[in-house]
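The values are calculated or read from the model by the stated rules, or taken from the named source; none is laboratory data. Bear in mind that the values here come from a model prediction, so they are computed numbers and not experimental data. Note that each Cβ is placed from the backbone with ideal geometry, even for glycine, and that neighbours are counted across all protein chains shown.
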Amino acid sequence: MHPGTFFTSGTRRRRVVPALALAAVVASWPGSTRAAQPAAASQSPAPAATGVKADVTALLEQYTLALESLDADAVKKVQPSVDTSSLRNAFRQMRSLEVEIDGIEVLSATDTTARVSCRVKQTLEPRAGSKQATTVTRVLRLRRSPSTWIIEAFER
């Protein structure tokens, strides 16, 4: 995918979430909403960064699908550090959650680690209350496990 493209789970039925539940879901997106500083336009991406772009995009698509399905165990597969108990409690309070991730930019990459900037839009509908939407730019630290990339942490 190109940096300006985005993905969602498609046209399948969506579920939504309340304000307190939103706080638990976005806990996996901690920190301020400041945008990451883009690389200078004159710099071309490092070869390692270019090589991991497809893998990173696939990882973030899997993350999007896991969040939208309100499946804490699926989220844990791509973000092992997540507190599944808290996430399950948050998901129980949600009617639906829609997630769009775009503006994916590999900031740096090695064979085993990467830093990625992306824009995340979450729209949730709680079981009680009205829809809420947030859009933030995040920087993620990724690590390559033996067979795939995982989300290690979110930088503030």
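Summary table
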quantity: Residue count for the range 97-146, restricted to those that are over 27 Å from ASP55 (Cα atoms) and of a type in the set (Gly, Ala, Ser); calculated: 4
quantity: Count of residues meeting criterion [among the polar types (S, T, N, Q) and without any contact (Cβ under 8 Å) to a residue 24 or more places away in the chain] in the range 70-116; calculated: 2
quantity: Strands (runs of 3 or more DSSP E) enclosed by the range 62-156 - at least 2 residues per element that are of a type in the set (S, T, N, Q); calculated: 94-109, 113-126, 132-144
quantity: Boolean, ALA72 is at pLDDT 95 or above, buried (at least 18 other Cβ atoms within 10 Å of the Cβ) and out of contact with any strand residue (DSSP E or B) (no Cβ under 8 Å at 6 or more places or on another chain); calculated: yes
quantity: Residues that are surrounded by 16 or more Cβ atoms within 10 Å (Cβ to Cβ) and among the hydroxyl-bearing types (Ser, Thr, Tyr), drawn from the range 105-136; calculated: SER117, THR123
